[in-house]
1. Would you mind telling me which residue in Arg299, Arg265, Arg211 has the biggest mean-square fluctuation in a Gaussian network model of the chain, where springs connect alpha carbons within a distance under 10 angstrom?
2. I need the helices of the chain that pass two filters: whole DSSP H segments spanning 24 Å or more by Cα along the axis, and mean Kyte-Doolittle score no lower than 0.0.
3. Please check: in the Gaussian network model of the chain (C-alpha springs, under 10 Å), which one of Lys312, Lys245, Lys52 has the largest mean-square fluctuation.
4. First obtain the Kirkwood hydrodynamic radius of segment 253-296 from its Cα pairs, then insert it into the Stokes-Einstein equation at 37 °C and 0.692 mPa s, and state the resulting D in µm² per second as a whole number.
5. Determine Rg/Rh for segment 157-312; Rg is computed over alpha-carbon atoms and Rh is the Kirkwood hydrodynamic estimate from the same atoms.
6. Can you give the accessible area of Arg259, probe radius 1.4 Å, in Å² rounded to 10?
7. Nothing charged except the Cβ atoms of Lys and Arg (+1) and of Asp and Glu (-1): what's the magnitude of the dipole of the chain about its Cα centre? Round to the nearest 20 debye.
8. Taking the full set of protein chains and a 1.4 angstrom probe, give the accessible area of Phe275 in square angstrom, rounded to the nearest 10.
Amino acid sequence: MIALGIEGTAHTLGVGIVTGERVLANVFHTLTTEKGGIHPKEAAEHHARLLKPLLRKALQEAGTTMDSVDIIAFSQGPGLGPCLRVVATAARALAIKYNKPIIGVNHCIAHVEITKMFGVRDPVGLYVSGGNTQVLALEGGRYRVFGETLDIGIGNAIDTFARELGIGFPGGPKMEKLALKGNHYIGLPYSVKGMDLSFSGVLTEAVRKYRTGKYRIEDLAYSFQETAFAALVEVTERAVAHTGKREVVLVGGVAANNRLREMLRIMTEDRGVRFFVPPYDLCRDNGAMIAYTALRMYRGGVRFKIDDTVVKQKFRTDEVEVLWG
Ligand code: ATP
Ligand code: FE2
């Protein structure tokens, strides 16, 4: 079976084509702005403009045609309304035109499900991106959120601090490089609240300290990462302890960060659990994860009527009954 997935919850439009075992194509385009930040209407226009060329590119790369595709999938939420609507409309049009089943996929769940293409079975997922920060795992037939950010996503916190430091956008890779040159830890507010996380405090304090002019920016970048990542690792570890699961996966754009990977590797080694990070193009927002999750859903008996395809801006992770195994 072949599934085609369209991702477009935020500023990345992606088209992926997969089988149950392999990624045949995974192409994307991200709308970037000078200052960072995102304008929903502009992102939606970007998606509408690029859908056709990206679709063509994906089919070409996969060496297939729409007729050979078995399932059309799309990111149903959570995300920005205008972006979601463009993607859902395109998916509906394709499903009707080519007479194929359509499946709407929860974006956060797809980030974790794609790791199963690599033999992961039942992990605790740490999903870290610009807009999202969530620790999730299957329990009682649903993906439960064990901890999440109460304010901003870790990626946004990093990007905002990087902008303040004047090192450019996106800030993640630049902060990571700068942090390697830091060697002095500067105290910043630690941000675990119960099982949840908060990054606005560490951001505000880091900015304040930077503005005093008393600290090296390398040390501030280093301390920012150490503080925020320690909180992520702590919540992940507690979810592992609570669920008794034997696998941890790191997904989302911030999964690129080597220091975060290292900290998670140490924690998982200590606990004797497996740690896995997918290739980066399957970590960031992408169409292949949407296609792959839809394929698993379809095989598990999930079917959508056109009425079921309305977009869900606030689509919750635990809304989805996981009927597939
Ligand atoms: P979502 O819509 O799911 O929130 P997104 O639009 O933020 O996703 P992603 O590609 O998943 O898109 O993630 C981008 C984020 O990843 C940015 O905030 C970027 O700074 C961050 N990032 C990328 N590389 C690194 C890195 N090496 N270290 C830390 N953060 C990184
Ligand atoms: Fe994402």
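The values are calculated or read from the model by the stated rules, or taken from the named source; none is laboratory data. Since we're looking at a predicted model, the values are computed, not measured. Ideal geometry is used to build each Cβ from the backbone, glycine not excepted, and the neighbour counts take in all protein chains shown. With ligands, DNA and RNA removed, areas are computed over all heavy atoms of the protein, side chains included. Shrake-Rupley method; radii C 1.70, N 1.55, O 1.52, S 1.80 Å.
1. Arg211
2. Span-like helices, by this rule, are 81-98, 217-243.
3. Result: Lys52 has the largest fluctuation of those listed.
4. Working: Rh = 11.9 Å.
Taking Rh from Cα pairs, D becomes 276 µm²/s.
5. So for segment 157-312, dividing Rg by the Kirkwood Rh gives 1.05.
6. 70
7. Values: 41 positive and 34 negative charges, 79 e Å.
Approximately 380 debye in magnitude.
8. Surface accessible to solvent at Phe275 totals approximately 40 Å².
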